[in-house]
Amino acid sequence: MSEHIDSLKTYFGVFAALIVLTVVTTAVAFVDLGPFSTVVALGIACCKMLLVTLFFMHVRHSSKLTKLILIGGLLWLGLMLSMTLTDFATRGVMGVPGR
Amino acid sequence: MWIFLITEIMFFGGMFLAYTIYRGAYPEVFAVASSSIKIFLGAANTVVLLGSSLTMVLAVRAAQLGQQKAIVFFLILTLLLGGVFLGVKAVEWKEKFDEHHIPGPTFHLEGLPDDQQGHAQLFFTLYFAMTGLHALHMIIGAGILITLIFQANRGKFTADYMTPVDVAGLYWHFVDIVWIFLFPLLYLIDRHMKQGPL
């Protein structure tokens with residue numbers, strides 16, 4: 001699929017970054033950041049996901065079609081999460097008219 | 001392959017959604033339950049799995065360059081690291097069995113009143129469903145790797161024909177990404193509220 005061949009240096013660099021992020025997220029888990037603990041943990045997880053997809057899965061050099069499919073998929077995932085959570089978070093806020 | 005991975009995103013996405021909703025409903029109980037999981041094995045396993053992703057990508061690179069022996073070598077290394085991950089996972093599950101943290105009649109989580117035990121069971125149901133589904137994907141991935149190792153050993157893959165290795169690599173990295181999200185959600189994010197065992 002991808003004709004581009006990355007250097008070993010790139011792959012080992014990405015791997016080192018992934019390990020560093022794993023250590024950081026584990027260490028930060030013991031610090032009380034209140035609600036931001038979740039934000040930081042998921043932010044780091046998203047960074048790791050980007051590193052893996054862009055470099056290890058070669059999305060960096062992939063065709064526009066591949067990128068479009070991936071972004072479309074993530075968009076649907078976002079829709080599913082946000083719509084369902086909107087429903088759960090606002091149930092009972094307004095009451096049901098006519099009941 | 002990408003289309004298949006998108007369906008997989010939605011498949012796992014449903015479980016992440018269920019987790020998010022119930023965590024929102026019972027945050028304190030989930031914090032206690034999540035903190036009962038030992039963090040060290042999970043973190044070590046994350047490193048092992050990331051390492052297997054590195055060896056997998058090196059196998060793909062070897063295939064791109066047409067280096068027959070290197071493909072076999074890196075695929076075997078990936079399989080071994082995947083095996084280590086599953087082994088550690090088995091140890092973690094065994095511990096949960098011994099501690100009666102498996103949802104069922106004998107379930108008991110220390111430090112929680114009786115009326116909240118059910119909510120803790122909910123956490124462990126999600127824990128076992130999510131890590132179990134992930135482990136199942138790893139086992140399928142291991143089967144794919146074994147097939148590829150035999151084929152690569154016969155010299156089937158060259159620089160001109162390496163799509164199976166490429167596609168298996170995408171699958172393996174996807175399973176890695178699922179774990180990248182499972183690890184903080186199940187092991188980490190509630191840790192600061194209640195210091196559990198390492």
Quiz item: Given (1) modelled with pLDDT of 90 or more; (2) not in a helix (DSSP H, G or I), where does B:His100 come up short, assuming only one miss?
Solution: (1)
Practice problem: Sort out which residues of region B:14-37 are under 16 Å from A:Ser82 (Cα atoms) and buried (at least 20 other Cβ atoms within 10 Å of the Cβ), and write them in order of number. | Solution: B:Tyr19, B:Arg23
Practice problem: Scan the helices (runs of 4 or more DSSP H) fully inside region B:1-78 and keep the ones with 2 or more residues being touching a Phe, Trp or Tyr at 6+ places or on another chain (Cβ under 6 Å) and more than 18 Å from B:Arg191 (Cβ to Cβ). | Solution: B:2-25, B:39-65
Quiz item: Of everything in region B:93-124 that's under 19 Å from the mean Cα position of the chain (by Cα) and surrounded by 15 or more Cβ atoms within 10 Å (Cβ to Cβ), which residue is farthest from B:Asp176 (Cα to Cα)?
Solution: B:Ile102
Quiz item: Out of (1) closer than 23 Å to A:Val39 by Cα; (2) in a helix (DSSP H, G or I); (3) within 14 Å of another protein chain (Cβ to nearest Cβ); (4) not aliphatic (A, V, I, L, M), what's the single condition that is false for B:His192?
Solution: (2)
Self-check item: Residue list for region B:152-186, filter: more than 8 Å from chain A (Cβ to nearest Cβ), assigned to a helix (DSSP H, G or I) and out of contact with any helix residue (DSSP H, G or I) (no Cβ under 7 Å at 6 or more places or on another chain)
Solution: B:Val167
Quiz item: From B:Arg154, B:Arg191, which residue is crowded, with 21+ Cβ neighbours inside 10 Å, over 16 Å from the mean Cα position of the chain (by Cα) and not hydrophobic (A, V, I, L, M, F, W, C)?
Solution: B:Arg191
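For (1) over 30 Å from A:Lys9 (Cα atoms); (2) part of a helix (DSSP H, G or I), each residue gets a yes or a no:
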position: A:Leu33; (1), (2): yes, no
position: A:Thr38; (1), (2): yes, yes
position: A:Leu42; (1), (2): no, yes
position: A:Ala45; (1), (2): no, yes
position: A:Leu65; (1), (2): no, yes
position: A:Gly72; (1), (2): yes, yes
position: A:Met80; (1), (2): yes, yes
position: A:Asp87; (1), (2): yes, yes
Quiz item: Which one is farthest from the chain's Cα centre (by Cα) among residues in region B:38-77 that are more than 12 Å from every other protein chain (Cβ to nearest Cβ) and crowded, with 23+ Cβ neighbours inside 10 Å?
Solution: B:Ile71
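Before we move on, is A:Met94 over 28 Å from B:Ala62 (Cα atoms), without any contact (Cβ under 8 Å) to a residue 24 or more places away in the chain and facing another protein chain (nearest Cβ under 9 Å)?
no
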Exercise. Please find, within region A:1-32, the residue that is surrounded by the most Cβ atoms within 10 Å (Cβ to Cβ) out of those that are more than 7 Å from every other protein chain (Cβ to nearest Cβ), farther than 24 Å from B:Asn45 by Cβ and not charged (D, E, K, R).
Key: A:Ser2
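The values are calculated or read from the model by the stated rules, or taken from the named source; none is laboratory data. These numbers were taken from a predicted model, which means no experiment stands behind them. Positions of Cβ are backbone-derived with ideal geometry, glycine not excepted, and every protein chain shown enters the neighbour counts.
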